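Working notes, beginning with the structure itself.
The values are calculated or read from the model by the stated rules, or taken from the named source; none is laboratory data. Note that this is a predicted model, so its numbers are computed, not measured. Reconstructed Cβ throughout: ideal geometry from the backbone, glycine too, with neighbour counts over all protein chains shown. Just so you know, the surface numbers come from the protein's heavy atoms only, side chains and all, with ligands and any DNA or RNA stripped out. Shrake-Rupley method; radii C 1.70, N 1.55, O 1.52, S 1.80 Å.
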Amino acid sequence: MIDLDKVPLEDQIKFWSKYRGYTLKTLGEEFNKRFGTKYVQQSFSRKINNESISYNELRQFGEILGFKVKLEPIN
């Protein structure tokens, strides 16, 4: 089993995008279409690579990829 806490967010987004049939380019295009943003490919990729994604953007990525992003308390 992989401990996702140890996998960089950038790699997780790239993995799940590919798993769901998206490239970063098509994910960015879908993100812009659904949420009315105007990210160009370079700034979209930089945002993912630098892990400078807001919680709301992460939730939106999750929505596109078919995941629910939520915060849970640590036991």
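Remark: pairs (first residue in segment 51-75, without any contact (Cβ under 8 Å) to a residue 60 or more places away in the chain; second residue among the acidic types (Asp, Glu); Cβ separation under 6 Å; 6+ apart in sequence or on different chains) = Glu51/Glu10; Ile64/Glu30.
The number of residues in segment 40-59 that are among the aromatic types (Phe, Trp, Tyr) and within 14 Å of Ser17 (Cβ to Cβ) comes to 1.
When the residues of segment 1-27 are filtered to those that are open to solvent by 60 Å² or more (accessible area, probe 1.4 Å) and among the β-branched types (Val, Ile, Thr), the one that is nearest to Arg59 (Cα to Cα) is Thr23. From the list Glu57, Glu63, exactly one residue is within 12 Å of the chain's Cα centre (by Cα) and either open to solvent by 40 Å² or more (accessible area, probe 1.4 Å) or β-branched (Val, Ile, Thr) (or both). Which is it? Going through Glu57, Glu63 in turn, just one is within 12 Å of the chain's Cα centre (by Cα) and either open to solvent by 40 Å² or more (accessible area, probe 1.4 Å) or β-branched (Val, Ile, Thr) (or both): Glu63. Total residues in segment 28-54 satisfying the condition of being modelled with pLDDT under 85, of a type outside the set (S, T, N, Q) and either open to solvent by 70 Å² or more (accessible area, probe 1.4 Å) or touching a His at 6+ places or on another chain (Cβ under 8 Å) (or both): the figure is 1.
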